[in-house]
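In what follows, a structure is listed as structure tokens, so that the remarks can point back to it.
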Amino acid sequence: MIRARGLLLGTLLLSAAAASAQMPSGGQMPSLWYNPALMMDPAVQKELKVSPEIAQKAVQTMMSEAMKIGPAMMGALNGKAPSPQQMKQASEALNKMTEASTKDLNPAQKARLHQITLQSYGPKALLDPKIGAQVGLTPAQHDKLQSALYAASKSAAASMKGAPGAPQPGGFDMQRMQQGASKSRAAGEAAMAHILTPKQLARWKYMQGKPIKLGGLAALMGG
């Protein structure tokens with residue numbers, strides 16, 4: 001039970017760090033090239049053919065680093081933009097999580113993990129300059145997408161007010177959090193369809209590779 005709650009909190013904090021990428025904070029944004037939380041998903045472990053030992057090492061590092069940025073990042077889930085210093089802390093923590101998640105993977109496994117990462121993060125992944133450049137995202141498109149995703153995130157947070165953050169008396173409400181993430185992602189994808197060109201959308205779809213069904217915790221990442 002304690003481990004399950006720890007994994008949930010770790011995923012929430014990682015989701016918050018990713019969510020901060022869509023906020024106009026002006027600070028250093030975290031890289032969204034890999035999503036360390038995916039290593040917790042049995043479907044991803046099977047897809048990548050990783051050993052339980054490798055997956056466990058990645059999970060332990062993710063939890064450890066996520067806890068360090070907890071106070072700074074939880075506000076992001078409620079639509080509160082972090083400070084530049086908090087963004088720097090999140091970026092450093094995410095880099096450590098990513099290193100732990102990928103150092104034992106071979107090139108083919110890393111390539112597939114990147115594809116699944118794009119699927120898990122959804123449109124917000126395009127705010128990573130390196131990823132956005134691969135679809136030819138212009139500065140104007142980046143700003144429009146960032147504004148649209150930020151608005152979608154704030155709207156979803158308002159609709160599920162009280163669900164994220166510190167555990168409530170009844171515990172985390174997974175259903176409400178998943179509903180909020182789904183609502184935010186749907187709004188983001190609708191906005192992306194109007195902002196990107198057909199050629200860019202086709203490129204984005206290709207970059208994601210074969211679709212994979214993600215589990216409950218990883219599914220929170222795209223909101």
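The values are calculated or read from the model by the stated rules, or taken from the named source; none is laboratory data. Not measured: the values here are computed from a predicted model. All Cβ positions, even for glycine, are placed from backbone atoms using ideal geometry, and neighbour counts span all protein chains on display.
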The range 180-208 residues that are part of a helix (DSSP H, G or I), paired with ones that are polar (S, T, N, Q) (beta carbon under 6 Å, 6 or more apart): 184/153; 195/141
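Would you confirm whether any residue within the range 206-221 is farther than 18 Å from residue 38 by Cβ and modelled with pLDDT of 90 or more? Outline the logic, then answer.
Looking only at the range 206-221, we keep the residues that are farther than 18 Å from residue 38 by Cβ, and these are 206.
Okay, now just the ones that are also modelled with pLDDT of 90 or more, so 206.
Yes, the range 206-221 contains a residue that is farther than 18 Å from residue 38 by Cβ and modelled with pLDDT of 90 or more.
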Complete set of residues in the range 173-204 that are modelled with pLDDT of 95 or more and among the polar types (S, T, N, Q): 197, 200
Unmet requirement for residue 101, which otherwise passes all of (1) surrounded by 16 or more Cβ atoms within 10 Å (Cβ to Cβ); (2) without any contact (Cβ under 8 Å) to a residue 24 or more places away in the chain: (2)
Among residues of the range 95-137, those that are of a type in the set (D, E, K, R) and over 16 Å from residue 49 (Cβ atoms), counted: 6
Cross-chain or 6+ apart pairs with Cβ under 8 Å, the range 138-149 first and without any contact (Cβ under 8 Å) to a residue 40 or more places away in the chain, then assigned to a helix (DSSP H, G or I): 142/126; 142/127; 142/132
Wholly enclosed helices (runs of 4 or more DSSP H) of the range 45-151 bearing at least 3 residues modelled with pLDDT of 90 or more and out of contact with any Pro (no Cβ under 8 Å at 6 or more places or on another chain): 107-121, 129-134
